Amino acid sequence: MNKLAGKIVAAMMDEDAFSQWLGIRVISIVPGACQLQMQVTPAMCNGFSLAHGGIAFSLCDSGCSFAVNAHGRKAMSVETGISHLKAIQPGDVLNCFVSEESLGKKLGVYTAEVINHEETKIAIFRGTYYRSDKKWFEEADIFTEPPLTKTI
């Protein structure tokens, strides 16, 4: 894992109650790409006993957001869309693979694919993200560890 990317995603996850509720695990993160994993619970299902469509969407949106923010500048989605290819069952383990299609000064375009534990492609997501000029961390803060304190 890239150290800056890991630090950014950890800061994002600390404040992201919804991604925490989804049980998202970051498998890998580098600027522009990541892999996430989660397991679908019964609480995530709709009246058809299938995962609500927003579950795959949210997994992908979190993944794309992590990938674009891992470059070091704060970014948020401006347009997103998903194609659901197969139904998601309770208990399914979902892997989300995010790749960067384009990165410019102000916009980044990302694609995410969701694959279940049976290696079946479940969904394809595409998002455009606005990149602000605000940095996640100052350069001096990126690789510094907190000072050790000694209690006597």
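List of remarks:
- Anchor residue 121: lysines whose Cα lies under 28 Å away (excluding residues fewer than 8 positions away in-chain): 86
- Relative to the longest principal axis of the Cα atoms of the chain, helix 3-15 runs at roughly 60 degrees.
- Theoretical gain in end-to-end length, residue 43 to residue 2 [0.36 nm per residue, Cα-Cα removed]: 11.4 nm
- Here r is the Cβ-Cβ distance between residue 28 and residue 93 and R0 is 25 Å; the resulting FRET efficiency, rounded to 0.05, is 0.95.
- The magnitude of the dipole of the chain, with charges of +1 and -1 set on the Cβ of Lys/Arg and Asp/Glu and taken from the Cα centre, is near 260 debye.
- Cα-based convex hull, segment 4-110, per residue volume (Å³, whole number): 97
- Reachable lysines, given that their alpha-carbon falls under 23 Å from the alpha-carbon of residue 134 and they are not under 8 places away in the same chain: 3, 7, 74, 105, 106
- Segment residue 20-residue 118, length gained on full extension (0.36 nm per residue, minus Cα span): 32.9 nm
- Dipole of segment 3-142, positive end: most advanced residue of 99, 44, 71 [Cβ charges, Cα centre]: 71
- Sum of side-chain charges, residue 81 neighbourhood, beta-carbon under 15 Å (Lys, Arg +1; Asp, Glu -1): -3
We did not get these values from a lab; they are worked out from the coordinates using the rules stated. Keep in mind that what you see is a predicted model, and the values were worked out from it rather than measured. Heads up, the Cβs are rebuilt from the backbone with ideal geometry, glycines too, and the neighbour counts pull from every protein chain shown.
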